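Data first, discussion second: the structure below is written as structure tokens.
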Amino acid sequence: MKNILSVLLLFTGFLSLLSSCTGDPIPDDEIIIVEQPVYTFVAAGHAYGNPDTYTSSVYPPLLNKLDSLIAVRPLDQLVLMGDVVAHPTEENWETVRHELDSLDITEWNIAPGNHDISPYMDQHIQPVKYMALERANNLFLLLNTSHPGWTVDSVQANFIDTTLANAAGFDQIFVFTHQLWWEKNPPAHFELDSLRPNSFALLDGENDFWQDAFPYFEDLEQEVFFFAGDMGCYLGLPGYYEDHYENYHFYGSGMGGAVEDNLIYGQIFQDGTVKIERVDF
């Protein structure tokens, strides 16, 4: 398994400072050059924040944190993991569009939550509710799990099957949803932790992730990262989740409670290694 937390440490600035203080040049073989990622992304859950303090915009602390991240390094993709708006009105959606388009981000996309799906989103914001994106030789799957059982419908199941059947050449696979769909009926041998998400709406249903989607991921050789965003909207609700089993990695992230507000920052490097960080704000 590749070390997903491997990254070179920055010593160049320190060595330059040392050289200026001593007057002696630093030998070339002592200068460590930082490896820069070839692709960066942020996964952000419950971007409208707290229902009681909703501002009809993206959660302001999230916008501030994105600005600070972008100031350090360009951001290639922002994935909003559902509940981008509390009420899917034209005014709210257009406010969100303006705020996100104002950020220096190459692209932003939505894995929709139950608050987002609406005619206005379909017609003016993001016509498709699920997609497969090839970025830096990695596969990004954004899915709609706002169905009974926290799962995908049959059309998406076929889409996943077809897409993964041709995924052998990708370095890693990243999957984004709103619901923490792996939390329903997980196999005991995975030993996954359980937690209280923002909502159990749509949990009831005959099907689930393990029946409808996981079989298509089961025999993959790549590292597979599952991200979900229905967390942390209220004080007292957990804002972060992380679990690992073999080549499968499960992450949950969200905001609104103003205590555990966080996003997930991903960096992909030239050699195929990945660094996943929880960024609090």
Inset, instruction - Output yes when any residue across region 233-255 is farther than 22 Å from Lys184 by Cβ, assigned by TED's automatic domain parsing to the domain that holds Gln179 and touching a Leu at 6+ places or on another chain (Cβ under 9 Å), and no when none is. - result: yes
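Across region 126-152, what is the total count of residues that are not in a loop (DSSP other than H, G, I, E, B) and not aromatic (Phe, Trp, Tyr)? Quick ask: steps written out before the conclusion?
Going through region 126-152, the residues not in a loop (DSSP other than H, G, I, E, B) turn out to be 131-135, 138-142.
This time we only want the ones that are not aromatic (Phe, Trp, Tyr), so: 131-135, 138-139, 141-142.
Of the residues in region 126-152, 9 are not in a loop (DSSP other than H, G, I, E, B) and not aromatic (Phe, Trp, Tyr).
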Inset, instruction - Search region 125-173 for residues being of a type in the set (D, E, K, R) and over 18 Å from the mean Cα position of the chain (by Cα), and hand back the single one that is nearest to Phe209 (Cα to Cα). - result: Asp153
Inset, instruction - Go through region 103-125 and give me each residue that's part of a loop (DSSP other than H, G, I, E, B) and surrounded by fewer than 19 Cβ atoms within 10 Å (Cβ to Cβ). - result: Leu103, Asp104, Asn114, Ile117, Ser118
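Looking at Asn109, Asn144 in this structure, which one is within 30 Å of Asp271 (Cα to Cα) and assigned by TED's automatic domain parsing to the domain that holds Asp230?
Details: Asn144 fails: within 30 Å of Asp271 (Cα to Cα).
Answer to the check: Asn109.
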Inset, instruction - Within region 79-95, track down each residue that is hydrophobic (A, V, I, L, M, F, W, C) and out of contact with any strand residue (DSSP E or B) (no Cβ under 9 Å at 6 or more places or on another chain). - result: Val85, Ala86, Trp93
Legend entry - Matching residues, region 73-98, being touching a helix residue (DSSP H, G or I) at 6+ places or on another chain (Cβ under 6 Å) and acidic (Asp, Glu): Glu90
Legend entry - The one condition in (1) surrounded by fewer than 16 Cβ atoms within 10 Å (Cβ to Cβ); (2) more than 25 Å from His147 (Cα to Cα) that Ala201 fails to fulfil: (2)
Inset, instruction - Would you point out the residue of region 215-226, among those that are touching a residue at least 12 places away in the same chain (Cβ under 8 Å) and part of a helix (DSSP H, G or I), that is nearest to Asn247 (Cα to Cα)? - result: Phe217
Inset, instruction - Would you be able to say whether some residue in region 99-117 is under 25 Å from Thr151 (Cβ atoms) and hydroxyl-bearing (Ser, Thr, Tyr)? - result: no
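Quick check on this structure: which one of Asp261, Asp271, Asp230 is under 22 Å from Leu192 (Cα atoms) and assigned by TED's automatic domain parsing to the domain that holds Val84?
On the way: Asp261 fails: under 22 Å from Leu192 (Cα atoms); Asp271 fails: under 22 Å from Leu192 (Cα atoms).
Every option except Asp230 fails the conditions.
The values are calculated or read from the model by the stated rules, or taken from the named source; none is laboratory data. It should be emphasised that the depicted structure is a prediction, and the values quoted were computed from it without experimental measurement. Glycine gets a Cβ as well: all are built from the backbone with ideal geometry, and neighbour counts include every protein chain shown.
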